[in-house]
Amino acid sequence: MNDKNLKPSIAPSLLATNPLAVGAAIDQLPESCSWLHVDIMDGHFVPNMNGQPGLVKAIKDRYEDEFISDVHLMVTDPDRVMDLYMDAGADVITVHQEVLYHHHRTLSYIRERGRMAGLSLNPATPLSTLEELLPHVDVILLMSVNPGYGGQHFIPQVLEKVKRLREMIDRTSYPILIEVDGGVNEKTASELWEAGADVLVAGSAVFTHPDLDIAQAYEALLPRH
Ligand code: DX5
Ligand code: ZN
């Protein structure tokens with residue numbers, strides 16, 4: 001893991017890059033970019049397929065610790081595959097609340113392996129399901145679209161959910177990062193920073209912006225102050 005600041009950060013999502021030119025897209029990110037978001041989809045938890053440990057390893061081999069490798073496992077059985085991604089060099093492993101039977105066991109295992117433990121909630125999964133888990137997570141990833149595809153519209157109710165999660169975390173002493181994923185663009189980013197988000201995942205808004213190049217599009221999403 002690198003020593004750049006963990007927040008506030010944009011985590012560009014490689015899902016929005018051309019698979020034949022992922023490295024060329026990464027190379028256009030500005031120096032200040034410290035996170036890379038890698039989406040893994042199994043065609044079962046979500047109706048799409050993407051990602052493999054080889055991609056995570058290739059990124060680590062080429063960029064070493066330049067980026068926090070943020071692996072989002074949209075899979076039905078993360079316990080079965082998460083070691084592959086940790087072996088490949090993932091720094092953050094995020095699993096979905098909805099698929100786990102033994103949340104503490106999975107999250108503790110990720111931490112035991114020296115990685116940051118992330119837990120993701122679909123838009124319809126309530127924050128109350130996190131109550132018992134706050135001591136065991138480093139990152140909470142709130143989905144602001146139903147997972148599976150890039151380029152979807154932000155679900156507006158999630159903004160309020162981010163505010164409530166900020167309050168929930170601030171009532172504790174745990175240094176948990178709030179990450180938001182899906183439909184992040186210049187407008188929703190500024191609302192999400194205001195609501196208390198720490199890390200925003202952005203795919204299409206960074207890599208396929210209609211008017212800006214990749215570095216400009218990245219910069220346009222950062223908080224203005
Ligand atoms: C969607 C993925 C996202 C996706 C976001 O299920 O988890 O990370 O790449 O894409 P945008 O930013 O285009 O909504
Ligand atoms: Zn994602």
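Listing for the model above:
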quantity: Cβ-defined net charge surrounding Gln52, 12 Å radius [Lys, Arg +1; Asp, Glu -1]; calculated: -1
quantity: Most mobile listed residue (Gly196, Gly54, Gly89) in the chain, GNM with C-alpha springs under 10 Å; calculated: Gly54
quantity: Added length on full extension, which subtracts the Cα-Cα distance from 0.36 nm per residue, Arg105 to Met49; calculated: 17.5 nm
quantity: Longest segment of the chain lacking trypsin sites (Lys or Arg not before Pro) that sit in a DSSP loop with at most 16 other Cβ atoms within 10 Å; calculated: 5-112
quantity: Percent accessible area from carbon and sulfur atoms, the chain, protein chains only, probe 1.4 Å; calculated: 50 percent
quantity: Pairwise label distance in nanometres, Leu127 with Asn18, each label 7 Å out on the Cα-Cβ vector; calculated: 4.2 nm
quantity: Hull volume in cubic angstrom per residue (convex hull over the Cα atoms of the stretch 9-220); calculated: 114 Å³
quantity: Fully extended contour minus Cα-Cα distance, from Arg171 to Glu64, at 0.36 nm per residue; calculated: 34.9 nm
quantity: The stretch 31-92 and the stretch 111-147: distance between their alpha carbon centers, rounded to Å; calculated: 16 Å
quantity: Solvent-accessible heavy-atom area per residue, rounded to whole Å², over the chain at 1.4 Å; calculated: 46 Å²
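The values are calculated or read from the model by the stated rules, or taken from the named source; none is laboratory data. What you are looking at is a predicted structure, and each value in this text was computed from that prediction instead of being measured. All Cβ positions, even for glycine, are placed from backbone atoms using ideal geometry, and neighbour counts span all protein chains on display. Each accessible area value is taken on the protein alone, full model and side chains, heavy atoms only, with ligands, DNA and RNA left out. Shrake-Rupley method; radii C 1.70, N 1.55, O 1.52, S 1.80 Å.
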